[in-house]
Amino acid sequence: MSLVNSFDDAATARAVIDDTGTLVAWNEGARRLLGHPPADVVGRPAVGLLAGTANGPHPGSGAARWSGTLTLRHRDGHTVSVWVLAHRRPPADGGPGTWLAVAPLDGDRPEQPDDPLVVAALAQSPCATMVFDEELRLRGVNDAMARLFALPAARVRGLRATDLGHSPQYAELEEHMRQVLATGRGRELQTYLKAGGESRAHAWLARLAPLTDPRGRVRGVCATVHDFTEHYLARERLQLVNEASVRIGSTLDVTRTAQELADVCVPALADFVSVDLLDPQEHGGEPAAPLRAPVTLRRAAHRSVTPGNPEAVTGPGQPDVYPAASPQADSLIAGRTVVATVPSGDLAEWLVRDRLRHERVKEHGVHSTMSVPLQARGTTLGVAVFTRFRRPDPFTHDDVLLAEEVTARAALCIDNARRYSRERETTLTLQRSLLPRSLPRTPAVEAASRYLPATRSGVGGDWFDVIPLSGMRVAMVVGDVVGHGIQASATMGRLRTAVRTLADIDLAPDELLTHLDDLVVRLSAESGGDTGEIGAGCLYAVYDPVARRCIMARAGHPPPVVIPPGEPPRLVELPEGPPLGVGGLPFESAEFDLREGTVLSFYTDGLIEGRGQGARTGQEQLREALSVSSRSLDEACDRVLRSLLPPGGAADDVALLLARTRGLPASQVATWDIPADPALVAPIRKQVVEQLSAWRLDEAVFIAELVVSELVTNAVRYGAPPIRLRLIHDASTLICEVSDANPTAPHLRRAKTWDEGGRGLLLVAQLTRRWGSRHIGEGKTIWAELELSGADE
């Protein structure tokens with residue numbers, strides 16, 4: 001037989017009575033006391049057992065516990081005077097509440113002062129002590145324990161631990177005592193509860209020790225309890241501070257940091273915590289000071305012990321106005337913590353004005369609030385409000401110190417997050433202002449692009465560009481400046497400007513990267529660092545729609561992906577050049593044919609490393625994403641980003657540029673080889689007029705004839721053979737190009753009054769949309785663009 005089953009349940013009379021006064025349970029001890037078997041009394045009113053009235057309060061009077069002497073009627077008719085202890089047990093699963101009434105049958109037995117168990121225990125115990133026998137019935141308590149329970153020491157003899165209170169801690173105590181009886185080894189138990197004689201809960205340390213007879217047999221258990229509330233609360237405060245240092249400020253997000261403050265403090269410090277912040281001033285300024293009531297705050301976060309936060313009056317992100325009578329406004333204006341309680345009337349004036357808040361306070365039983373201003377670096381950011389309604393005790397001075405310490409850390413983290421957000425927004429604005437707002441429409445390519453800033457490490461220096469060149473050609477560039485922040489964005493802007501300037505003089509890709517490398521080296525020197533202090537990667541490509549050829553070079557940048565029509569995507573085999581800023585190393589170009597409709601994919605390494613995988617794996621995923629047919633390049637860009645980047649965004653900046661090549665039909669190009677004879681300029685002009693008429697560009701004949709005459713005459717007079725004239729046109733532009741073997745380019749100048757020459761190129765500049773020169777393999781090309789009537793502005 002187990003030790004538990006050996007306990008004599010008949011030693012104590014127990015009865016359970018529901019809220020209607022009906023008996024619902026009746027044990028063997030109750031039968032022994034009054035003679036009634038359970039079948040005669042269960043289900044009947046308990047009042048039928050009374051032979052008189054109770055002395056003092058009685059069950060049902062509203063108290064959670066009652067004790068007193070009752071006169072009961074025995075089954076055979078005589079009366080029995082019994083001391084009874086009754087506990088109110090809360091309803092379970094929505095059912096009715098019940099009362100457990102217990103009466104020790106041997107409680108009136110006179111105490112034996114020479115009982116060795118009682119004498120040994122009480123003599124050795126320096127604090128509140130209880131002694132239980134082998135059946136875990138109470139054999140005796142000292143005066144300290146009797147005062148703690150607020151029960152007569154003589155009356156509780158014979159009761160079990162679970163008879164003294166309905167809290168789960170009493171059942172836990174009894175279970176631990178069973179273990180002591182079974183093993184003969186002492187145990188310790190820590191708990192937090194309110195004993196019957198206390199006005200508020202305390203932290204208790206119960207030490208359970210076995211009591212043995214001279215033969216060493218365990219005959220009982222001695223339980224001594226110690227109030228260690230101060231140590232317990234100090235440990236709880238230290239744990240809360242430690243938890244706050246770990247959990248608050250895990251990100252540089254203002255809302256997330258405010259929510260972490262609320263989460264840490266519920267339920268450790270309060271039952272409901274709200275964090276309201278002042279809106280930041282425009283243009284990145286700090287909140288205005290000094291503050292005056294009423295104060296408008298915006299709810300950043302809140303947390304409650306009750307699911308759904310029903311106590312909240314304001315939702316996250318919503319503003320609320322706090323008048324002068326509110327503790328929030330008083331706390332912000334005074335710059336100190338304000339503790340207010342409902343019973344004292346501290347909140348009465350404010351709640352009278354705010355009906356909704358008054359209803360919430362009354363509904364949930366709010367009794368205390370503590371408003372702590374959030375201050376960091378001399379700036380007031382908002383206020384954190386701690387509210388109690390489930391915990392009965394008000395806020396203490398130690399609670400104030402604890403709340404101020406936790407909120408001070410949270411305020412610093414919120415200020416850091418705000419400063420980071422402001423700097424990030426400034427950097428992002430600068431970055432976007434330096435990137436092209438829209439891609440130009442060119443006859444060479446159809447293009448689409450995407451730029452995504454880094455989500456965690458700050459805005460970087462990624463960029464892309466599409467630059468129209470002479471002869472219907474187009475340059476495409478993508479680059480990545482090492483680092484993040486405003487410095488990286490500013491460097492990116494300088495490099496993009498430099499690329500556009502170098503592209504305007506029609507440098508070959510390898511030459512352009514060489515000049516760009518020199519620029520980055522100079523920027524490193526100007527910044528006071530060594531060579532390589534500022535670094536960047538870049539890929540530059542030029543596509544000619546007439547020849548359908550592309551030439552490109554790269555500097556420390558991943559190669560592009562090419563998708564020919566009807567073929568799978570593949571990486572372009574391109575010589576790998578050193579990153580920009582290394583200095584002194586050469587770059588190589590690669591040239592290849594591209595069929596019309598070929599898609600070129602340019603990207604930065606943030607795309608292929610977005611999920612933390614290696615570059616090779618990312619490039620394979622990129623090819624897979626590009627292998628799926630799309631209705632448009634914009635749709636392809638979106639699919640690539642969804643496929644390669646995590647849902648929360650990439651850790652590094654991402655730039656993506658997709659370009660689908662177009663080809664200019666041969667019917668829109670005309671070429672003449674011109675002998676170096678001035679007498680043949682007139683016949684060339686005639687052929688040009690005839691060609692323009694065949695193209696139905698009669699409106700451009702007059703200007704084109706003048707431009708061709710001037711450019712051809714200059715080539716014959718100052719250039720070197722072979723000389724070639726080429727006309728190219730699309731719907732909006734007519735281009736005249738004259739090439740010769742002399743590499744010396746002409747310069748625009750103003751002729752003096754009596755000069756016979758020097759007015760030709762000035763005339764060309766005034767009659768055309770733009771003009772220029774570019775170096776070719778042998779010599780140069782002078783070109784001019786004419787805008788056709790009906791072209792887009």
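The values are calculated or read from the model by the stated rules, or taken from the named source; none is laboratory data. This one's a predicted model, so the numbers in the text were calculated from it and none came from an experiment. Reconstructed Cβ throughout: ideal geometry from the backbone, glycine too, with neighbour counts over all protein chains shown.
The numbered conditions (1) surrounded by 16 or more Cβ atoms within 10 Å (Cβ to Cβ); (2) hydrophobic (A, V, I, L, M, F, W, C); (3) modelled with pLDDT of 90 or more are all true for L356 except (1). Any idea which residue in the range 702-743 is surrounded by the fewest Cβ atoms within 10 Å (Cβ to Cβ), counting only those that are part of a helix (DSSP H, G or I) and charged (D, E, K, R)? Checking each candidate, the answer is R717. Within the range 587-612, can you find the residues that are over 27 Å from A547 (Cα atoms) and surrounded by fewer than 14 Cβ atoms within 10 Å (Cβ to Cβ)? G612 - this is the single residue of the range 587-612 that is over 27 Å from A547 (Cα atoms) and surrounded by fewer than 14 Cβ atoms within 10 Å (Cβ to Cβ). Every listed requirement among (1) under 19 Å from the mean Cα position of the chain (by Cα); (2) surrounded by 19 or more Cβ atoms within 10 Å (Cβ to Cβ); (3) not basic (K, R) is met by E425 save one, (2). Might you let me know whether the range 559-574 holds any residue that is of a type in the set (K, R), outside any strand (DSSP E or B) and surrounded by fewer than 20 Cβ atoms within 10 Å (Cβ to Cβ)? No: zero hits. Number of residues in the range 249-280 that are surrounded by 17 or more Cβ atoms within 10 Å (Cβ to Cβ), in contact (Cβ under 8 Å) with a residue 60 or more places away in the chain, over 16 Å from G315 (Cα atoms) and more than 18 Å from the chain's Cα centre (by Cα) equals 4.
Taken over the range 116-143, the residue count meeting the criterion of being surrounded by 15 or more Cβ atoms within 10 Å (Cβ to Cβ) and modelled with pLDDT under 80 is 6. The strands (runs of 3 or more DSSP E) found entirely in the range 178-293 that carry 3 or more residues being closer than 26 Å to A144 by Cα and modelled with pLDDT of 90 or more are 202-212, 218-227.
In the set (1) modelled with pLDDT under 90; (2) out of contact with any Leu (no Cβ under 9 Å at 6 or more places or on another chain); (3) not in a loop (DSSP other than H, G, I, E, B), D638 fails one condition alone, (1). Whenever a residue of the range 15-35 is outside any loop (DSSP other than H, G, I, E, B), its partners that are among the aromatic types (F, W, Y), lying with C-beta atoms within less than 6 angstrom and at least six residues away or across chains, give the pairs A15/W26; I17/W99.
A count restricted to the range 431-448 and to residues that are over 29 Å from L786 (Cα atoms) and either touching an Asp or Glu at 6+ places or on another chain (Cβ under 9 Å) or surrounded by fewer than 16 Cβ atoms within 10 Å (Cβ to Cβ) (or both) stands at 3.
If you go through the range 450-473 and keep only what is within 27 Å of the chain's Cα centre (by Cα) and surrounded by fewer than 22 Cβ atoms within 10 Å (Cβ to Cβ), you end up with R450, Y451, L452, A454, T455, R456, S457, G458.
Among the residues of the range 395-418, how many are buried (at least 17 other Cβ atoms within 10 Å of the Cβ), of a type outside the set (S, T, Y) and either under 15 Å from T379 (Cα atoms) or modelled with pLDDT under 90 (or both)? So the answer is 9.
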